[in-house]
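Participant: Take this structure, written in structure tokens, and hold onto it; I'll ask about it next.
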Amino acid sequence: MTTTGKSLPTCNLVSGADSKTTGNYVDYSPAYYLPSCPAGLTYGSNGVYYHKGQRAAGRVTGGLASNTYDESYDVGDETRTRTKYKSRVCVGGKKLDAVSNRGVKHEWWEKVETVTPDNARFDFRMFVDGQPYSNHRF
């Protein structure tokens, strides 16, 4: 996918083959303001507090939750609001437990991490032998 109407250049390998036809190339797109979750993790739900590892006995407190704020913007004569993230929780592995405590949901997962906006403008994906190799945001 290109954003300027021009694709990134390809090169000829030592064998004389074009890099893209051999599956070795870089692709890019405009970056979403929040990075993707690390490999094997997915975004958690808003309004849920996440804990890493087994649930401890006793009172349920703490945990990580996605941190959001509402941003207003104008479209013609209308003002709209959208939810933006200061941080977002990513979870993965096995879901170990879940409870609702006074209307607040808590979940325990094997893996819990947080991603934050990094002000990247472009997301570059490098492919080797036709398979995703690495991802870089600038």
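Participant: Over the range 24-138, give the accessible area per residue in Å² for a 1.4 Å probe, as an integer. Write down the numbers at each step before the final one.
Facilitator: Details: 7670 Å² over 115 residues.
Per residue, the range 24-138 has an accessible area of 67 Å².
Participant: Hey, another quick one. Return the carbon/sulfur percentage of the accessible area of the range 27-91, one whole number, probe 1.4 Å, all protein chains in place. Don't skip to the answer; put the middle values down first.
Facilitator: On the way: 1790 of 4120 Å².
The value for the range 27-91 is 44 percent carbon and sulfur by accessible area.
Participant: If you don't mind, there's one more thing I want to ask. Is the range 16-128 rounded, prolate or oblate when judged by the Cα gyration tensor, a ≥ b ≥ c being the square roots of its eigenvalues, rounded requiring a/c under 1.5 and prolate requiring a/b larger than b/c?
Facilitator: Oblate, because a/c is 1.5 or more while a/b does not exceed b/c.
Participant: Give the ranking of Cys90, Cys37 by solvent-accessible surface, highest area first, calculated with a 1.4 Å probe. Please report the intermediate quantities before stating the final value.
Facilitator: Numbers: Cys90 0, Cys37 25 Å².
Solvent-accessible surface, decreasing: Cys37, Cys90.
Participant: With every protein chain left in place and a probe of 1.4 Å, what is the accessible surface of Leu64, to the nearest 10 Å²?
Facilitator: Roll a 1.4 Å probe over it and Leu64 shows about 80 Å².
Participant: Hey, another quick one. Under 19 Å between alpha carbons: how many lysine pairs meet that in the range 35-128, if sequence neighbours fewer than 8 apart on the same chain are excluded? Write out the running numbers ahead of the final one.
Facilitator: Working: Lys52/Lys94; Lys52/Lys95; Lys52/Lys105; Lys52/Lys111; Lys94/Lys105; Lys94/Lys111; Lys95/Lys105; Lys95/Lys111.
Lysine pairs meeting the criterion: 8.
Participant: Please sort 117-130, 70-83 by packing, taking for each peptide the average over its residues of neighbouring beta carbons within 10 angstrom, highest first. Provide the component values of the computation, followed by the final result.
Facilitator: Values: 117-130: 13.1, 70-83: 8.0.
Per-residue mean Cβ counts within 10 Å order the peptides as 117-130, 70-83.
The values are calculated or read from the model by the stated rules, or taken from the named source; none is laboratory data. Bear in mind the structure is a predicted one, so any value in this text is a computation, not a measurement. Positions of Cβ are generated from backbone atoms using ideal geometry, with glycine treated the same way; all protein chains shown enter the neighbour counts. Accessible surface areas use protein heavy atoms only, side chains included; no ligands, DNA or RNA. Shrake-Rupley method; radii C 1.70, N 1.55, O 1.52, S 1.80 Å.
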